[in-house]
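In what follows, a structure is listed as structure tokens, so that the remarks can point back to it.
The values are calculated or read from the model by the stated rules, or taken from the named source; none is laboratory data. Fair warning: this is a prediction, and the values are worked out from it, not measured in the lab. Cβ placement follows ideal geometry from the backbone for every residue including glycine, while neighbour counts extend to all protein chains displayed. Please note that ligands, DNA and RNA were not included when accessible areas were found on the heavy atoms of the full protein model with its side chains. Shrake-Rupley method; radii C 1.70, N 1.55, O 1.52, S 1.80 Å.
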Amino acid sequence: MEFLQPTSWPEALTMKAAHPEAMPIAGGTDVMVEVNLDRHRPAAIIDLTRVAELTEWGGEGDLLRIGSGVTYARIIDELGDRLPGLAMASRTVGSPQIRNRGTVGGNLGSASPAGDAHPPLLAMDALVELASVHGSRRLPVSEFFIGPKRNAARPEELIAAFLIHPASGPQQFSKVGTRNAMVIAVCSFALALDPKRRRIGTGIGSAAPTPVTAADAERFMAGVLEEAGLWERPSEVDASAIARFGELVAAAARPIDDVRGTAAYRRHALSVLARRSFTWAWLEYQRSA
Amino acid sequence: MRITCTVNGRPQVADSVWAGESLLYVLRERLGLPGSKNACEQGECGSCSVYLDGTLVCACLVLGGQADGREIVTVEGLSNGDSLHPVQQAFVEAGAVQCGFCTPGLVVATHDLLRRVPRPSDAQIREALAGNICRCTGYAKIIDAVHLAAGRMGAA
């Protein structure tokens, strides 16, 4: 196994171009499990922890651009106020040890259907920035996941950053698991109320071959709010509309039966999570209005 | 490959390290520091918890080469010669040690908690130690030990 250790972003891209088969490693919380348990032995590993550019974040117009090497612990500490949904999801990742090392970039790279950062990124319509020696491109996170543990990055590309709007309204994240820490999601759900863009964002984890949005549910609820003028005059949302929202979220999932739960359980749980998330977020919006 | 790092304040060199080797393996098998325990090798149990440049991490999830040039503190580095660190002493006195396998990781994780939160609540302790698993299930006494250590370190 070859070990590559670039110390700058241009050097990292040059190395990746020369070794397209190289497995990128940041916090190691996924990659090292594969290597330790001998599930996968990459021909080469490229360590990105010396590339300072990847650990930086800042504003870019209306967006935040967050380097792929920013850890969950830093998302919680430094960006919790601007990205409450992603921070909530980050708090459910592993343990303090894992959150100190694991990165959102690594989560994207692994592209697990159960990745905790994915539902909030979907709900927030985030962009993923990929780069190679030939240049960089940005694509919606919904187009980034192309199959179970498969993403749209080309062999010569590395994940540079993700770009995301700071929250303009309440956000929620909920995850079902057998204990309150160190669990992979049985299913998860993220919600973003975006009063600025008059938009409802959703993200579903661990209940389809990839993380997915619930587009019908988003359109339905945005329509309910628009029709009754509730963004401007936030009063109670009809319980039947919230129940319908939950049903539409459950309908957007394509779950399977596996060791962590059945498809039927996941569908049911998602409708409950969606209902509760909306209720909590809407209460917060009413209070802040 | 060769890895040069500082472990518990001392410069160390490990030779013939395989590129896929974890920091945990380097510490235990190359540098003769068996305090950090090898149990799950997937970051689930916390028994290999160490400091890497001052950050609490699972040594099994750090690639050896990632630790090159870095500063590592293991459980062996917490005591002062033969005198135990107050966290270690508290674990002994509170009966927080049964088989002892999880103890080094819990000691390091507790050390990290108390330097950030000098008087943690039960909930804060549970949250901070959620990634350290005790298969003897002696959690009640472990929480007692954390409070005991916090009281003594606060008084000092």
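Quick notes
- Residue A:41 fulfils the conditions (1) of a type outside the set (A, V, I, L, M, F, W, C); (2) farther than 19 Å from residue A:110 by Cα; (3) at the interface with chain B (Cβ under 9 Å from one of its Cβ atoms) except for a single criterion, (2).
- Scanning region B:5-50 for residues that are polar (S, T, N, Q) and farther than 17 Å from residue B:103 by Cα yields B:6, B:8, B:12, B:16, B:22, B:42.
- Filter result (open to solvent by 30 Å² or more (accessible area, probe 1.4 Å), over 18 Å from residue B:148 (Cα atoms) and not small (Gly, Ala, Ser)) within region B:54-110: B:55, B:68, B:70, B:71, B:73, B:76, B:80, B:82, B:99, B:101
- Residues (at the interface with another protein chain (Cβ under 7 Å from one of its Cβ atoms), under 26 Å from residue A:4 (Cβ atoms) and not aliphatic (A, V, I, L, M)) located in region B:42-64: B:42, B:43, B:55, B:58, B:60
- Top-ranked residue of region B:12-22 - restricted to ones that are more than 14 Å from chain A (Cβ to nearest Cβ) and either modelled with pLDDT under 95 or in contact with a strand residue (DSSP E or B) (Cβ under 7 Å, 6 or more places away or on another chain) (or both), ranked as most open to solvent (accessible area, probe 1.4 Å): B:13
- Meets criteria (more than 25 Å from residue B:133 (Cβ to Cβ) and either in a helix (DSSP H, G or I) or in contact with a Lys or Arg (Cβ under 8 Å, 6 or more places away or on another chain) (or both)) for residue B:17: yes
Results for (1) hydroxyl-bearing (Ser, Thr, Tyr); (2) surrounded by fewer than 20 Cβ atoms within 10 Å (Cβ to Cβ); (3) within 23 Å of residue B:43 (Cβ to Cβ); (4) touching a strand residue (DSSP E or B) at 6+ places or on another chain (Cβ under 7 Å), shown as yes or no for each residue.
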position: A:95; (1), (2), (3), (4): yes, no, yes, no
position: A:99; (1), (2), (3), (4): no, no, yes, yes
position: A:119; (1), (2), (3), (4): no, no, yes, yes
position: A:128; (1), (2), (3), (4): no, no, no, yes
position: A:146; (1), (2), (3), (4): no, yes, no, no
position: A:156; (1), (2), (3), (4): no, yes, no, yes
position: A:161; (1), (2), (3), (4): no, no, no, yes
position: A:170; (1), (2), (3), (4): no, no, no, yes
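- Of residues in region B:23-41 being part of a loop (DSSP other than H, G, I, E, B) and under 22 Å from residue A:27 (Cβ atoms), the one nearest to the other protein chains (Cβ to nearest Cβ): B:41
- Selection of region A:174-215 for residues being open to solvent by 10 Å² or more (accessible area, probe 1.4 Å) and assigned to a strand (DSSP E or B) yields A:174, A:175, A:176, A:194, A:199, A:212.
- Options A:56, A:60; residue that is more than 14 Å from every other protein chain (Cβ to nearest Cβ), of a type in the set (Asp, Glu), touching a residue at least 60 places away in the same chain (Cβ under 8 Å) and farther than 19 Å from residue B:54 by Cα: A:60
- Scanning region A:101-117 for residues that are away from every other protein chain (no Cβ under 12 Å) and either of a type outside the set (Val, Ile, Thr) or open to solvent by 20 Å² or more (accessible area, probe 1.4 Å) (or both) yields A:105, A:107, A:108, A:109, A:110, A:111, A:112, A:113, A:114, A:115, A:116, A:117.
- Helices (runs of 4 or more DSSP H) fully within region B:62-135 counting 3 or more residues that are closer than 23 Å to residue B:43 by Cβ: B:103-116, B:122-128
- Flag if residue A:15 is modelled with pLDDT of 95 or more, of a type in the set (A, V, I, L, M) and open to solvent by 30 Å² or more (accessible area, probe 1.4 Å): yes
- The residues in region B:136-148 that are touching a Cys at 6+ places or on another chain (Cβ under 8 Å) and either among the basic types (Lys, Arg) or in a helix (DSSP H, G or I) (or both) can be counted, and the count is 1.
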